[in-house]
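Presented below is the structure to which this report refers.
Read-outs throughout are calculated quantities, based only on the coordinates presented, and are distinct from any laboratory measurement. The model shown is predicted, which means the values in this text are computed figures rather than measured ones. Glycine also receives a Cβ, built like all others from the backbone with ideal geometry; neighbour counts cover every protein chain displayed.
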Amino acid sequence: MKIDFANLKYQHELYKDEIELAILKVTRDCSFIMGEEVSKLENNLQNFTSAKNAITCSSGTDALLLSMMALDIKAGDEIITTPFTFIATAETIAFLGATPVFVDIDEKTYNINPNKIEEKITPKTKAIISVSLYGQPSDMDAINHIAKKHNLKVIIDGAQSFGATYKGKSEVHHADIYTTSFFPAKPLGCYGDGGAVLTNDDDLAKKIKMLRVHGQDKRYHHKYIGMGGRMDTLQCAVVNVKLNHYTKDLALRQEVAQKYTQAFKNKNFVLPDQNEETTSAWAQYSIRIDNRDEVQVKLKEFGIPTAVHYPMPLHLQECFKYLAYKEGDFLISEKISKEIMSLPMNPYVSDEEIEYIAGIL
Ligand SMILES: Cc1ncc(COP(=O)(O)O)c(C=O)c1O
């Protein structure tokens, strides 16, 4: 058997008539920048999440940048976040001249541990960025409680979690700003780079819209230092089609996750946490296993692709050497990064594939 990890080809086959038609329409209209598919997607994202505002942008990375720029994050500020995430979460903080302050993760959810946040707050702290790793929201009540007490803003890096819920609502309702990514392999992916910022705060939304287009409030009049951060009309057209099918796709991901969990129930490795307060978008189904590297090689021989998200926590990355963290500073993140392994995850993983993977494992 040869299993596909994200199975983007199969998804394209399924939706290709609609997607190719939508792309063709944009090419014929020649409305490549800020065409009608852009505002259509923003409306669709608002409807999907019940957010007051959705602003599309060039990537999940730029969504983080735009969010922090809107909150006036600047040199000297400190932003609390997790070291167990993709580099973009902390890189964007540093890019703006602010300092990422890491807090270790919870051993069950792999998301930031709220119990360890308060000890890291200083007069320079401006915001907390939680990451909904693998699609699962963090403990937002605890995070918001701390943020309120210390007058901090909360951003959720939901690059992996579009469609997830916390206490029955989309994550945007549990933060000042929620960002996401439409990178092709994300649960809701486009055919290149794309992202979005969602917020219920109208003033922030207005500012983010300006920041996305070079800070301009009207053509060639620039109120803020901004950036060229628009999402292409073509990419919006792709997401508009996929969003129509997304509720079904999310349900299928959930089913695949349940089937994995069922198939692995007597196995000797740690399965993803599932709790009553959250629903995950299941960007990844990641298990923990002692001899991970060896297992990966073996699985590959049997046609089973795996991935590691992420092999090195951010406090140990070369680019953050100047922050002077060292091995042993975040023991849980370090441990999990050595054991974690993501299995093929997409809405179309079949029962036979799950059975085969469980058997080989
Ligand atoms: C947690 C997290 N944050 C941010 C990003 C950045 O998103 P993008 O690749 O769209 O810039 C990603 C994507 O890989 C991610 O997984």
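Only sites in a loop by DSSP and with at most 16 other Cβ atoms within 10 Å count here; which trypsin sites (Lys or Arg not before Pro) in region 79-180 make the cut?
Here the sparse-neighbourhood loop sites are Lys108, Lys124, Lys167.
How far apart, in nm, are the 7 Å Cα→Cβ label points at Lys218 and Glu327?
6.1 nm
Hey, what do the phi angles of region 173-181 turn into as Karplus ³J(HN,Hα) couplings, whole Hz, using 6.51/-1.76/1.60 and θ = phi - 60°, x for Gly and Pro?
7, 10, 7, 6, 9, 10, 10, 9, 10
Express as a percent, rounded to the nearest 5, the fraction of DSSP beta bridges in the chain (both residues included) that run antiparallel.
Bridges in the chain that DSSP calls antiparallel: roughly 60 percent.
Going toward the positive end of the dipole of the chain, with +1 on Lys and Arg Cβ and -1 on Asp and Glu Cβ, which of Met34, Gly303, Tyr348 do you reach last?
Going by the Cα projections, it comes out as Met34.
Please identify the GluC sites (Glu not before Pro) of region 101-189 that satisfy two criteria: DSSP loop assignment and at most 15 other Cβ atoms within 10 Å. Which are they?
The qualifying sites are Glu107.
Which lysines, if any, have their Cα less than 24 Å from the Cα of Lys9, not counting same-chain residues under 8 positions apart?
Filter leaves Lys25, Lys186, Lys242, Lys248, Lys259, Lys300.
How big is the charge dipole of the chain about its Cα centre, in debye rounded to the nearest 20, if each Lys and Arg gets +1 on its Cβ and each Asp and Glu gets -1 on its Cβ?
760 debye
Extending each Cα 7 Å along its Cβ direction at Lys206 and Glu255, get the distance between those two points in nm, one decimal.
4.6 nm
Using 0.36 nm per residue, how much length does the chain from Phe269 to Lys335 gain when fully extended, once their Cα-Cα distance is taken away?
Answer, rounded to one decimal: 22.3 nm.
At a 10 Å Cβ-Cβ cut-off, how would you order Met34, Met231, fewest neighbours first?
Ascending Cβ contact count within 10 Å gives the list Met34, Met231.
Once a ≥ b ≥ c are taken as the square roots of the eigenvalues of the Cα gyration tensor of region 220-283, is the result rounded (a/c under 1.5), prolate (a/b larger than b/c) or oblate (a/b not larger than b/c)?
Since a/c reaches 1.5 and a/b is larger than b/c, the shape of region 220-283 is classed as prolate.
Just to check I understand the Karplus step: with θ = phi - 60° and J = 6.51 cos²θ - 1.76 cosθ + 1.60, what whole-Hz values come out for region 274-289, glycine and proline as x?
Per residue, the Karplus-derived 3J(HN,Hα) values read 10, 10, 6, 7, 10, 10, 9, 8, 6, 4, 9, 10, 10, 10, 10, 8 Hz.
For an R0 of 30 angstrom, estimate the FRET efficiency from the Cβ-Cβ distance between Tyr10 and Ile360 and round to the nearest 0.05.
The formula returns an efficiency of 0.90 here.
Counting other Cβ atoms within 10 Å of each Cβ, which trypsin sites (Lys or Arg not before Pro) in region 199-290 have at most 16 and sit in a DSSP loop?
Sparse-neighbourhood loop trypsin sites (Lys or Arg not before Pro): Arg219, Lys223, Lys265, Lys267.
Under 5 Å between amide H atoms, partner at least 5 residues away or on a different chain: which partners does Val101 have, H built in plane at 1.01 Å?
Placed amide hydrogens put Ile79, Ile80, Thr81 under 5 Å from Val101.
Sorted from fewest to most neighbouring beta carbons within 10 Å, what does the list Ser337, Ser31 look like?
Least crowded to most crowded, the residues run Ser31, Ser337.
Report relative contact order for the chain in percent, whole number only (criteria: Cα-Cα under 8 Å, sequence separation at least 6).
22 percent
Expressed in nm to one decimal, what extension gain is obtained for the pair Asn151 and Asn291 from 0.36 nm per residue of sequence separation less their Cα-Cα distance?
46.0 nm
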